[in-house]
Structure formats: structure tokens, C-alpha cells
Amino acid sequence: MRLPLLALLAKGPAHGYELKQDLEQLLGAAYPPTNVGQIYVTLGRLEKSGLIEGEEIAQESRPNKKIYRLTDSGQEALRAWFEETADEPRVRDEFFMKLALAPRTGLADQIALINKQRREYLITMRNLSKLAAAEDRDNRISQLLIEGAMLHLQADLDWLERCQEELEELE
Amino acid sequence: MSDPADDSIRTGADDSVRPDTGSPLLRAEGLVKTHHGEGAPAHAVRGVDLSVRHGEFVAVTGPSGAGKSTLLHLLGGLQRPDSGSLWLDGECTDAYSEARWAVERRRRIGIVFQFFNLVSNLTVADNVELPALLAGTSARQARAERETLLAELGLENKARSMPGELSGGEQQRVALARALVNQPRLLLADEPAGSLDSKGTREVMRLLSRFHQRGQTIVLVTHDARLASAADRAISFFDGRIADDAELDRAPRRGTGLSGVLELKG
């Protein structure tokens, strides 16, 4: 959450609630409702580390609000963020360990594990399809986020299929 | 601890957990099909029991070579099983002749294929109207049906085009219109997005979902999990057999729902 907040502040100062709205507008229904409390906590931390600075604005009949702006070191941190490439996605390691260890325990069947996992993925895939259908078709960022999640799941499902092919041959 | 998900597991042979809504639209018992080509015989379908209710949308998924297309061909009478029986709307089809199957494929079963199989020297309009005319629909009625379907599929401006002038996605929509023109009870789709790009795939998915919502019964064969996820039931087909059969139309098991797969870390 830290760097996306810095990135949202790059275009100009804003207060916490505006940032929450910006995030929701950008990501649409694809993004789970953002907890505004979490945003305030993160902003507090960013301020402490000198990446942003806040200014209290007095408001009539309402509590003061704090407007945050990006500092030079915040700008630098943001530049460094764009400079780095992101980590590769990881194989579903917990499932893999279950699959690898099942035969030694005698407590679970590998094919049954695969079938169960596949069901879960397919149900999630279905819910993602529904989400994509419900989301504004013109919100490209949101649609791309959902499509990314679907393609990852597709890869996981393909891999389950490979596991099943290999392990069924052994049976 | 018992997993509530297990309540939704069904094997093709087990009808007891299904609400009884009259006879299923499609029922298969003990279907077997072996291909004898060059080399060793290929056991494409090895004892399949399956039941599809009216209004159900079933996806059959599995690796290529698992026999899922052969299964679909058996369900549509395009190939005949070596053994086993098939009921359509409660009626046993074992004694059907080729001619009878051809009639069924015009009236009660619509099929779409991976490579569209449109008649290349007929216009889009004629491709769609032809099965209606063959089924004995009047020319006027056939034209009306065709106009409705093409409009529905966003192809009203393509009626006079030849199939070769259309994109793959458009050709598949024409094929879908042709398959649905006689309002078949059952729509069979064999890798309908297999030769389409990602956008075309989504389009096919959207259309299948839409027709399903209006009550169309669909059996879809695909290796694409995204496409399969449009169905409300998924059958995993491995090595000629049903390995798993699961309802998809329920909430994910974990409370986190979708947020886990959509989680963004800053």
C-alpha cells in the first residue's frame, strides 16, 4: 500500500479519504473495499519516514483534515519503485507440499487432492468471470486486473492437469 | 471434518442427489468408444455415465487427447458408441439411423465446432437460414429467425457478407446463430473458442452465458478453464473417463472470497 499511495500523491496533494476514492475509482469492483483506517495508518508511517509531509487544514464545524504532499525523498522512492522489476509469481507451494507428501502419510490421495483443488480454482474462476461481467467494461485497469487473476488461475489449472496426467500413470 | 463442498460432488452415475425434475435432457450409460487407426487402438471414451438436466450448462474439461471431443461427438450422434446407451429427452437413441440423427441435429441438437464449419460460398444470412429451411420452416419464418439472431449477436450488418470476409470471432457468432436457429433443446459446443484470440474467447463466453440464462441447455467441451468457468457444472475428463464432476455455482470455500487472488501488494 505504501508505494501506491506515494504514486497517487505524485499528481498533487490530497487527504486520506480522497486517496481511498482515487484507488477505488482506478481499480473498480476488482479491488476489495479499501479500509480507510489502513490508509491513514500508512500515511502516518510515510510521514514519519519523511516520504510525505502533512499539513493540518482547519475546517468549520468538522475536525481538521490533513493534506499530504510528496517530499523529494518520496519522489525518489517512487522513482526507485518504477525502476525495479516486480517479483515473479510463485507456484502454489502449500498445495505442492501437500501433493508431494500425501503418499508418505497415507492420509490423503493425490488424485483426490488435485480434484478438490481444481474445484476450488474453477469456482474462483467462475466468480472472477462474474466480476468481470459486472464491472464496467470501459474500466480497462479493473478488467486487466481481473484478467490477470484469471490467467494465473488458468496456469495453475493447467499445472494441476499435468500433475494428474503424470500421477495417474504411476497408479 | 466433512467438507460441505462434498455435498455438491456428483458422479454421472449418481442421480440420487439431484432434484427430480422429470427425465434429464440427456442421459448416457456406459459409453465406450475406441478408435482403430494406425498403431494401437485408442481408447477415447472408456465407460462414461452422464446425466444433463434441462437448463444446465455443463463444461467438460481435460487435456487434449483425453477423449472429450469424442464424448461430445457421441452425445450428438456424430459418432456411434461401441457400447453403452444414450437417451435424449427420455427417449433411447440406440436404434437411431444416421438419417434420424441428422434430423435430431436439425431439430433438437445444435452444434458449434472449433473451426466454425460455415458453408464458404453461402452468405452469412443463407448459412443461418439453411438449417431452418431444411427443418421445414417457411422461408419467411426462417428469415425472421435469422434476423433476430444476427441482431442479437451484433451481426445485423454482416448478413450479406461471405464467411471468408469475417473475423474468426464473427464467424463463430454466425456458427452460433446457425446452431440456434431451430431453437434446439441442447447446444453442444466443441472447443468453440479454440481458434479465437482472448477477446473472441470472452465474446463466446459472454454469449453462451447469455443464452444459458434464458434457459438454453449447453454441453461445452474445452481445455480453456476461463471458458469452462461460464458453466455451472464442470466435468474433468481424463483418459476417457470422468475424473471429477463438480458444481461451480457456489461461493468459494474460504471466507476471503476473491480478495486473495486479486490482492495487490504495494
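The values are calculated or read from the model by the stated rules, or taken from the named source; none is laboratory data. Keep in mind it's a predicted model, so treat the numbers as computed, not measured. Positions of Cβ are backbone-derived with ideal geometry, glycine not excepted, and every protein chain shown enters the neighbour counts.
Once segment B:61-75 is narrowed to residues that are in contact with a Gly (Cβ under 9 Å, 6 or more places away or on another chain) and more than 14 Å from chain A (Cβ to nearest Cβ), the residue that is nearest to B:ASP232 (Cα to Cα) is B:LEU71.
The listed residues are B:GLY257, B:GLY194, and the only one of them that is on the phi > 0 side of the Ramachandran plot and either of a type outside the set (A, V, I, L, M, F, W, C) or at pLDDT 90 or above (or both) turns out to be B:GLY257.
For segment A:81-121, filtering for residues that are closer than 20 Å to A:HIS152 by Cα and of a type in the set (Phe, Trp, Tyr) leaves 3. The residue of segment B:193-251 that is nearest to the other protein chains (Cβ to nearest Cβ), among those that are aromatic (Phe, Trp, Tyr) and touching a Leu at 6+ places or on another chain (Cβ under 8 Å), is B:PHE237. Of the residues making up segment B:182-195, just one is out of contact with any strand residue (DSSP E or B) (no Cβ under 8 Å at 6 or more places or on another chain) and farther than 22 Å from B:LEU71 by Cβ, namely B:GLN183.
From the list A:ALA29, A:ALA100, the one residue that fits, being closer than 30 Å to A:LYS130 by Cβ and either in contact with a Lys or Arg (Cβ under 7 Å, 6 or more places away or on another chain) or at pLDDT below 95 (or both), is A:ALA29. Look at (1) surrounded by 10 or more Cβ atoms within 10 Å (Cβ to Cβ); (2) more than 24 Å from A:GLU161 (Cβ to Cβ) and you find that A:ALA102 fails only one, number (2).
Cβ separations smaller than 6 Å between residues 6+ apart or across chains give the following pairs from segment A:118-129 residues that are facing another protein chain (nearest Cβ under 7 Å) and farther than 15 Å from A:LEU151 by Cβ to residues that are at pLDDT 90 or above and assigned to a helix (DSSP H, G or I): A:ARG118/A:LEU160. Filtering segment A:59-88 to residues that are out of contact with any Leu (no Cβ under 7 Å at 6 or more places or on another chain) and under 16 Å from A:TYR17 (Cα atoms) leaves A:GLN59, A:ARG62, A:PRO63, A:ASN64, A:LYS65, A:LYS66, A:ILE67.
Regarding A:ASP136, is this residue away from every other protein chain (no Cβ under 12 Å), in contact (Cβ under 8 Å) with a residue 24 or more places away in the chain and under 23 Å from A:ALA30 (Cβ atoms)?
In short, yes.
For segment B:56-71, residues that are of a type in the set (Gly, Ala, Ser) and modelled with pLDDT of 95 or more total 1. Screening B:PRO63, B:PRO41, B:PRO24 for residues that are under 30 Å from A:ALA155 (Cβ atoms) and either out of contact with any helix residue (DSSP H, G or I) (no Cβ under 6 Å at 6 or more places or on another chain) or surrounded by fewer than 22 Cβ atoms within 10 Å (Cβ to Cβ) (or both) leaves exactly one candidate, B:PRO63. The combined condition, being within 15 Å of B:ASP239 (Cα to Cα), modelled with pLDDT under 90 and of a type in the set (Gly, Ala, Ser), is not fulfilled by B:GLY47.
One line per residue, one yes/no per condition, for (1) among the aliphatic types (A, V, I, L, M); (2) exposed (fewer than 15 other Cβ atoms within 10 Å of the Cβ); (3) in contact with a Cys (Cβ under 9 Å, 6 or more places away or on another chain):
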{"residue": "A:LEU43", "(1), (2), (3)": "yes, no, no"}
{"residue": "A:LEU46", "(1), (2), (3)": "yes, no, no"}
{"residue": "A:LEU51", "(1), (2), (3)": "yes, no, no"}
{"residue": "A:GLY54", "(1), (2), (3)": "no, no, no"}
{"residue": "A:GLU60", "(1), (2), (3)": "no, yes, no"}
{"residue": "A:SER73", "(1), (2), (3)": "no, yes, no"}
{"residue": "A:GLU76", "(1), (2), (3)": "no, yes, no"}
{"residue": "A:GLU84", "(1), (2), (3)": "no, yes, no"}
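From the list A:LEU122, A:LEU113, the one residue that fits, being buried (at least 17 other Cβ atoms within 10 Å of the Cβ), in contact with a strand residue (DSSP E or B) (Cβ under 8 Å, 6 or more places away or on another chain) and not basic (Lys, Arg), is A:LEU122.
Of all residues in segment B:113-131 being more than 15 Å from B:LEU166 (Cβ to Cβ) and within 20 Å of the chain's Cα centre (by Cα), which is surrounded by the most Cβ atoms within 10 Å (Cβ to Cβ)? Per the stated criteria, the residue is B:PRO131.
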